[in-house]
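In what follows, a structure is listed as structure tokens, so that the remarks can point back to it.
The values are calculated or read from the model by the stated rules, or taken from the named source; none is laboratory data. The structure presented is a predicted model; accordingly, all values stated were derived computationally and were not measured. Positions of Cβ are generated from backbone atoms using ideal geometry, with glycine treated the same way; all protein chains shown enter the neighbour counts.
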Amino acid sequence: MDRQQTLLQEQANKWLEQQKCGFTTEQEEQFQYWLSLNPDHKTIFEESKQIDGLLAQFSEQEIENLSTSKVFRFSQANVWMATAACLAIFMISLISFTLLPHTESSDYSAQYSSAIGEQLKVNLPEGSKLYLDAQTNLNINFNEHIRSNTLVKGRALFDVTTNPKRPFIVNTDTTKITVLGTKFTVDKKPLNTRIRVSHGRVKVQSNQHIVELIQGQQAYVNEQGISVENINPTLIDAWQHGRLIFDNTPLNEVFVEFNRYHDREFKFASNELSQLPLSGTFNASELDNFLKLLPHVVPVEIKTEKDQIIINKL
């Protein structure tokens, strides 16, 4: 099986540990959202829960004894316990074997998904690294000639190993980005795609337009074409460290960014308010603090009705 299943197993184990400690309301919502993303999530979580339940019947010493070659005299009372322990050990061994990534072949396929507020790091077999922001879906299909990625939704940072014989390509529905060895981010939104280059160089193609980006440049791709501008390359991966940086960014886009990490509904009283510009650096996890600060920065009033946040003119 591929690395995606290894990743899902790690996620399932994390959710299981949190569940055993007791979910907060927000954690419960995020857990249910994770389950709903893919039927495999529920299957793997239930398997992890079953194994955990079997192992809970034994002490660490009993499990260790069962895995040695010593001879034991089992009473009728502990025959079931020994059988259950063997089954648990067998299931763990089976899952460990099937989830080991196979890197002998240059062919590699996987699907990666992150939940609300979740960021993922993925080490690919050929040495490249991926960093997925919250609410991101990415499909991978590598062969001996090409390393193809499709960003279905969200934002990802790609740290690509150099291999001129196997170009690394990222596709969105309207954009194709080709690299040989570089570090860059791709942020796919409903109406546009943004590419930012941290170092190296990438080629961006959309319909009849082609541009090359170098370190410290970004491109916006939409129906009108491709626009390029210079940026500070040190700020490209700020989201990996929980920071959201805005520079005259319309408020509606600001709230879209925050909603990668929070499951809240925002409503503007008018389109004019949604286009108010905002600049500053904020903590992605501190939505409530941001909402308290916002009326002191722009002329708006924040009201909360049930789970909906309403932005009115001050």
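Of everything in region 205-237, what is more than 20 Å from K176 (Cα to Cα) and part of a loop (DSSP other than H, G, I, E, B)? Give them in sequence order.
Hits for region 205-237 are I231, N232, D237.
Find all pairs meeting these conditions: Cβ atoms under 6 angstrom apart; at least six residues apart or on different chains; first residue within region 188-199 and assigned by TED's automatic domain parsing to the domain that holds T174 and surrounded by fewer than 18 Cβ atoms within 10 Å (Cβ to Cβ); second residue of a type in the set (K, R) and in a strand (DSSP E or B).
Listed pairs, sorted by first residue: H199/K183.
Yes or no, residue by residue, for (1) in a loop (DSSP other than H, G, I, E, B); (2) modelled with pLDDT of 90 or more; (3) touching a Gly at 6+ places or on another chain (Cβ under 7 Å):
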| residue | (1), (2), (3) |
| --- | --- |
| W239 | no, yes, no |
| N248 | no, yes, no |
| V254 | no, yes, no |
| R260 | yes, yes, no |
| D263 | yes, no, no |
| G280 | no, yes, no |
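Within region 242-296, which residues are more than 20 Å from the chain's Cα centre (by Cα) and on the phi > 0 side of the Ramachandran plot?
N248, G280
Might you check whether a residue that is closer than 23 Å to A238 by Cβ, assigned by TED's automatic domain parsing to the domain that holds E253, assigned to a strand (DSSP E or B) and of a type in the set (A, V, I, L, M, F, W, C) occurs anywhere in region 291-306?
Checked against the condition, which is being closer than 23 Å to A238 by Cβ, assigned by TED's automatic domain parsing to the domain that holds E253, assigned to a strand (DSSP E or B) and of a type in the set (A, V, I, L, M, F, W, C), region 291-306 yields no hits at all.
What is the one condition in (1) touching a Leu at 6+ places or on another chain (Cβ under 9 Å); (2) within 16 Å of L132 (Cα to Cα) that R194 does not satisfy?
(1)
Mind listing whichever residues of region 181-223 are of a type in the set (V, I, T) and closer than 13 Å to R155 by Cα? Quick ask: steps written out before the conclusion?
As a first pass, look at region 181-223 and keep what is of a type in the set (V, I, T): 182, 185-186, 193, 195, 197, 202, 204, 210-211, 214, 221.
Across region 181-223, the qualifying residues are T185, V186, T193, I195.
One line per residue, one yes/no per condition, for (1) out of contact with any helix residue (DSSP H, G or I) (no Cβ under 8 Å at 6 or more places or on another chain); (2) of a type in the set (K, R); (3) free of Cβ contacts under 8 Å to residues at least 12 places away in the same chain; (4) loosely packed, with under 14 Cβ neighbours inside 10 Å:
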{"site": "V254", "(1), (2), (3), (4)": "yes, no, no, no"}
{"site": "S270", "(1), (2), (3), (4)": "yes, no, no, yes"}
{"site": "S279", "(1), (2), (3), (4)": "yes, no, no, yes"}
{"site": "K292", "(1), (2), (3), (4)": "yes, yes, yes, yes"}
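For V202, only one of the following conditions fails: (1) more than 22 Å from the chain's Cα centre (by Cα); (2) not acidic (D, E); (3) not in a strand (DSSP E or B). What is its number?
(3)
Report the residue count in region 123-177 for those that are over 27 Å from D263 (Cα atoms), of a type in the set (S, T, Y), within 20 Å of the chain's Cα centre (by Cα) and assigned to a loop (DSSP other than H, G, I, E, B).
Selection size over region 123-177: 1.
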